[in-house]
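Here is the structure we will look at, set down as C-alpha cells.
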Amino acid sequence: MITGARSRGFREIGIDAGALIENFKDIYDLPTATHDSIIDSLVTELDSDNCLGITRGGSHFVSEAEMRQIEFDGQRVRFKGDAIKGGANPTIETTLLEFSLANLKRIIPSSDVVTIGGKTVIRERLRIDDSDYMKSISWVRERKDGSIIIVTLFNPMNVGNVDIPGEDNNEAAIPVTFTGFNDDFTDLANAPYEIAIFSADDGSLSEIAEQFQAEMKSANAKLLEAQGAVSVVQAKVRAAEAQAVAQAKTDAANMTMPKATGRTSGSKYSAITEG
C-alpha cells in the first residue's frame, strides 16, 4: 500500500481550535521573539481584551485567489505561464460566543462607542475611517509537536453582516468574517496576510536527530559498499598470488638439468682412438 503517512507527519499536524488575538503581531514580530517568549505572551494576551474569547466551530482561514487564464486560438491544454493572478482576498471566518463590548466593536466595523455613567451605546456609521480598521488579527494555533502557528491578517475588518441571533436554550453565536487589507499603495505585490511558525525546541531537536540518523544510515551504507569493494580486490589479489605460486611450481617441475656423460663406443672420438 502506498501512503503519505510518515512519523514526522504526526508531529506537524495542526490541532485544536486555537484563539483569535488582536494586535498579536506586535508581539511575535519582535526580533527577540522565540517559541518560549510567545508561550509566555499568550498567558497574558488570552486573558486580555485583545483576545476575542470563546468561539464555536473553530475558525477558518481562506485566501481566495482571483485567477485569470490567457485564452488564445488553437489552445488545447493549459500551459505554464498562461495564468494571471489578479488578486487575493484573505479572510478568517469564525463564530463568536462572547458578547463583549470589544467584540461588538469588532463586529460592527464602522461604529462609535459612547459611555455615559453605566450606559454604553454603540452606533454604526455609514462612513468608514482609517481608524475603523484593526491593526492586525491573528489566529494562533498549535501543532502536535508543540510548535506555534500564527495566521495573521493585516488591517482586518469585518466585511460580513452584523448578525446577532438569539433563541431559547441556546447561546448567541455571532458569525463574523474578517478580511485583510493592505495599508497603502506601497505594497501592491503581496497579499495582506502572513503565516508564521515558531518551532518548539523538542520538535527542532527531533528533526535534527532524524536528519542525523538519516546521514548516519547513508554513511554506513557507503562504508559497507566500500568494504565490499575492498573485499573483492583482496579476493582478486589472493587469487592472483595463488595462480602465481601454482605457475611457479609447474615451471619448476618442467625444468631439466643437463647430465655429464663419458665417451661412448661408436662415437667419432672412439674411432680416432682406436685408429
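The values are calculated or read from the model by the stated rules, or taken from the named source; none is laboratory data. Please read all numbers here as calculations on a predicted model, not as lab measurements. With ideal geometry, Cβ positions are generated from the backbone for all residues, glycine too; neighbour counts draw on all protein chains shown.
Among residues of the stretch 152-173 that are closer than 15 Å to Glu98 by Cβ, those with a beta-carbon under 7 Å from a residue that is among the aliphatic types (A, V, I, L, M) and surrounded by fewer than 14 Cβ atoms within 10 Å (Cβ to Cβ) at least six positions away or on a different chain give the pairs Ile164/Ala172; Pro165/Ala172; Gly166/Ala172.
From the list Asp26, Asp49, the one residue that fits, being in a loop (DSSP other than H, G, I, E, B) and farther than 22 Å from Arg143 by Cβ, is Asp49. Among the residues of the stretch 7-27, none qualifies, meaning not one is among the basic types (Lys, Arg), without any contact (Cβ under 8 Å) to a residue 24 or more places away in the chain and exposed (fewer than 13 other Cβ atoms within 10 Å of the Cβ). Here Glu12 qualifies as among the charged types (D, E, K, R), out of contact with any Phe, Trp or Tyr (no Cβ under 8 Å at 6 or more places or on another chain) and at pLDDT below 90. Looking only at residues of the stretch 52-78 that are in a strand (DSSP E or B) and among the acidic types (Asp, Glu), we find that the one that is surrounded by the most Cβ atoms within 10 Å (Cβ to Cβ) is Glu64. Answer yes if at least one residue in the stretch 183-201 is part of a helix (DSSP H, G or I) and either modelled with pLDDT of 95 or more or under 23 Å from the mean Cα position of the chain (by Cα) (or both), and no otherwise. Yes, that holds for at least one residue.
Can you say whether Glu98 is more than 26 Å from Asp145 (Cβ to Cβ), assigned by TED's automatic domain parsing to the domain that holds Tyr133 and in contact (Cβ under 8 Å) with a residue 24 or more places away in the chain, as far as the supplied structure shows? It is true that Glu98 is more than 26 Å from Asp145 (Cβ to Cβ), assigned by TED's automatic domain parsing to the domain that holds Tyr133 and in contact (Cβ under 8 Å) with a residue 24 or more places away in the chain.
Here is the figure for the stretch 152-182: residues that are within 31 Å of the chain's Cα centre (by Cα) and not in a loop (DSSP other than H, G, I, E, B) total 9.
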